Structures are given as C-alpha cells and as structure tokens.
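Presented below is the structure to which this report refers.
The values are calculated or read from the model by the stated rules, or taken from the named source; none is laboratory data. On a predicted model such as this, the values are computed, not experimentally measured, just so you know. For neighbour counting, all protein chains shown are included, and Cβ atoms are generated from backbone atoms with ideal geometry for every residue, glycine included. Accessible surface areas use protein heavy atoms only, side chains included; no ligands, DNA or RNA. Shrake-Rupley method; radii C 1.70, N 1.55, O 1.52, S 1.80 Å.
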Amino acid sequence: MTLLAVTFFALMAFGLPIAFAIGIAGFSFFATNDIIPMSIGVQQVASASQSFPLLAVPFFVLAGHMMNRTGITSRLINCSNVLVSWMSGGLAQVCIVLSTLMGGVSGSAVADAAMEARILGPSLIARGYSKGFTSATIAVGSLITATIPPSLGLILYGFVGNVSIGRLFLAGVIPGLLMMAGLMLTVWLIAKRRGYRPEMAERPTLRAVGRAMADAKWALLFPVALLFAIRGGLFTPSEVGAFAVVYAAVVGFLLHRELTWAAVAEALQEAVVDTGLIMLIILFSGMVGYAIIFEQAPQTIAEAMTQLTTNPLLVVALILIFLFIAGLFVESTVLVLLLTPIFLPIVTPLGVDPVHFGILMMTIVTLGSMTPPVGVAMYTVCSLLDCPVEEYIVESLPFVGTVIALVAVLALWPGLVLFLPNMLM
C-alpha cells in the first residue's frame, strides 16, 4: 500500500496526467505482488467499465454541453440579473445565483466557473470590482454545482459506494441552496464595506420577476424534472442521463430554436473528450481500488481512528480534515474514486448515513478545485481574467471560510441533508 501511494505521488510530482499516474501506480502494485497475478489487475480495469450506472456520466456530460448551446445560459443570466442585481454587489450576486441555476444544467464546477469567467467576469471588472474579488466569487461560487443535481461527483460517489443516486440528488438540494445563501451573504458584506453599488436602483416588480422566470422556465424545470423522474420511478439515474440529452435536444431545436446541427457536433466532440478523461480515471481507479481492499486499508484506518475516538462526529471531522488537505493536491474526481471505498466502510458502522457523508465529502473535495496549489477552477478563472493567483488567494478566504462553516453546520445537523430524501423516498 505504501508503494502504491509513493508511486502515485511521485508520478504526479513529475507532471504526469492523473489517469496515467493512477494506472502506473496500480500496475506497479500488481507487478511487485507475489500473491496476485498481473492478469487480475487487467481484469479490474475491464470490470470497472462494466457498470450500468456509469452510463449516466457520458449522458450528463453531453447534455451539459448541449444545454450551453440552446440559449439557456443567456436566459438564466437575465433571470439571475432580475432577481438579485438590486442588492449590494449586484453583479457578483448574479454570479452566485447563476452558479446555482447552472449547476442544474452543467453538473460540473469547472465548466460553470469557466463559462461565468468568460461571460460575466469582464463586466464585473469593468464596473470596478477587483480582479481578485471577481475571480474568487466566480470560482468558489461554482462549488454549488457539487451538490445541486445533476452533480457528476455525486453520480461517481453513488457508483463507487453503491449509494442511491436518487437519494443523493435529493439530498444535495438544500445544502446547495444554503451554500448559495451563505455566499450571497458574504458578497453582500464585502460589497457593503467596499461600496460596490447595486446594478438596479429599485427592486424588481413581481411582473418583471415572473417574466424573467417564464423566459428561463425550461432551464429552471430541468433539475426538477430529473428529480421527479427518478422519484416517480419513470427512469433509473442512468436512464435519466439519456432523458437529459433528449430534453436538451427538444429545448434547443423545438422550443428555443437556437440549437444547430453544427453545435450538436461541437457538443459531441467536447463530450467525447471530457468523457474519455473521466472514464480513463475510473478504469484505472478500479485497479487501485482492488489493491486498497486487498491490503485491508479501510480496516487499518478504521482501527487507527477508533483508537483515537469512537464518537461518530469526531471521526467524520477527522476524515473531512483529511479530505480537505488531500483536495488541495489531488483532483476531486480522483479523490471520490479512490477514497470512497476507504472511508465509507468506516463511517457506516458508526451510524453515519452514506448519503449524508456523500454530500459532506463532495463539498469538501470539490473545494480543492478552488484552492491552491493545484485548484483547477482557480487557475481556469485566474487565467481567463488575467488575475494574479496571490490576489485571488487573499480574496477567496472569506468565501472558503463560509463554505467550511456550512460544512460544519451540515455535519452537526444531518437532518438538513436528509430531510428531502427521507420525505420523498
């Protein structure tokens, strides 16, 4: 197990792509093991692909790319602008609300952050918002996507941990809305102190709000339709992914009439690339996951933790601290695939609901994408807005503090996470 970890981090240090670092580390374990033949490792790579729930990943990735070409984004921006631009820091508030709404469309934090940085970032800077504040608002705000359905991270967690994806989707709604409220409050406090003015002098009328929401109705209905389709038993989570693609096509071709066949071809090309990257990580992670189980890593770590404390809350707190530190250095998809088989068997016997733990885990590991030294969303937004990373780090501290405080609240009160899945499922 030590050799596996050392090999993985050594290859990462040399700049090797994550998927290949995982694959070589996994092969090194089987190559140096006297008990398990190398053929078992190859079989694990193949068997990791033989999963029906995994079909949800390419479908939702494709649906997200198609949605971005249906005119949904512009309608959601207009809706967000009407709803919150009258508040202090109005355009920054729009970014937070848009992340919440786009989370139900894209399912990817990095994709959401990149889109907002291109479309809203220049407008924020032109209106006097600092580059650091703008970048931090967009990057950390995209974290809402980690829990709002259809989150790709929750799909992978459900696949690896054998947890109901439908319950995970329902459980992510309230934490996502609470995160939106917390980040909006943070923006409001900073905007008040710095004198960032609202975009609108007066609050919008109910007619204006209704008109904006009606214009964006097909985007707003999308996550609701997904949840009701799963809860009503119309589709499995994998089939809902296919439904999402059909939904995007119907909205783009028939309702908004903005989707073209050339745009569909572009969406397919981008989806193939994204799916290839994700699936390569998943396949090689199957081999590493087998090695982790063979070496009895969950039992060893569980024994070490229970020697420190048997209090479920303290155990979860220790795991979350570890996940936060790991998230600073390793991409969230990798952490979900590699660490879920380790930590889920530890917390479940202690009475921690796997759905509750999944929401906490996804929030913390995705936060690593917004923090140095290897935050993907951070570097994406900073590069698009030409923002120094040092300035971003300083400006992101209040937002990161808000997220950590929210995670603590969700850990202390599981009912906030489990209310919807327990009521509806």
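Values as computed for the structure displayed
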item: Bins of 10 Å from zero: percent of alpha-carbon pairs in the chain; result: 5, 22, 31, 27, 12, 3, 0, 0
item: Length-normalised contact order of the chain in % [C-alpha pairs under 8 Å, at least 6 apart]; result: 27
item: Rounded to 10°, Cα long-axis angle of helix 38-47 versus longest principal axis of the chain; result: 30
item: Gained length - Ser123 relative to Asn422, 0.36 nm times residue gap less alpha-carbon distance; result: 103.4 nm
item: Heavy-atom accessible surface of segment 27-122: percent carbon and sulfur, 1.4 Å; result: 66
item: Accessible area in square angstrom per residue, segment 174-274, 1.4 angstrom probe; result: 59
item: Alpha-carbon centroids, segment 69-129 and segment 21-55: separation in whole Å; result: 41
item: Segment Thr310-Glu239, extension gain: residue separation times 0.36 nm, minus the distance between their alpha carbons; result: 21.5 nm
item: Whole-angstrom gap from segment 185-238 to segment 411-425, using each part's C-alpha centre; result: 22
item: Relative contact order (%) - segment 274-425, alpha-carbon pairs under 8 angstrom, separation at least six; result: 23
item: Packing-based order for 128-134, 272-278, using average beta carbon neighbours within 10 Å, highest first; result: 128-134, 272-278
item: Unit Cα scatterers, Debye sum, segment 36-192: log10 I(q)/I(0) for q = 0.10, 0.16, 0.18, 0.20 Å⁻¹; result: -0.42, -0.86, -1.02, -1.19
item: Distance (nanometres) between label positions extended 7 Å along Cα→Cβ at Asn33 and Met213; result: 5.5
item: Fraction of alpha-carbon pairs over 23 Å apart in segment 146-273 - percent; result: 53
item: Gain on full stretching of the segment that runs from Glu295 to Arg231 - 0.36 nm per residue minus C-alpha separation; result: 19.2 nm
item: Crossing angle, helix 415-424 versus the chain [Cα axis fit, 0-90 degrees, rounded to tens]; result: 90
item: Acute angle (nearest 10 degrees) that the helix 72-84 long axis makes with the longest principal axis of the chain, alpha-carbon atoms; result: 70
item: Among Ile24, Ile96, Ile148: highest mean-square fluctuation, GNM of the chain, C-alpha pairs under 10 Å; result: Ile24
item: Cα-centre dipole for the chain with unit charges at Cβ (Lys and Arg positive, Asp and Glu negative), debye to 20; result: 1280
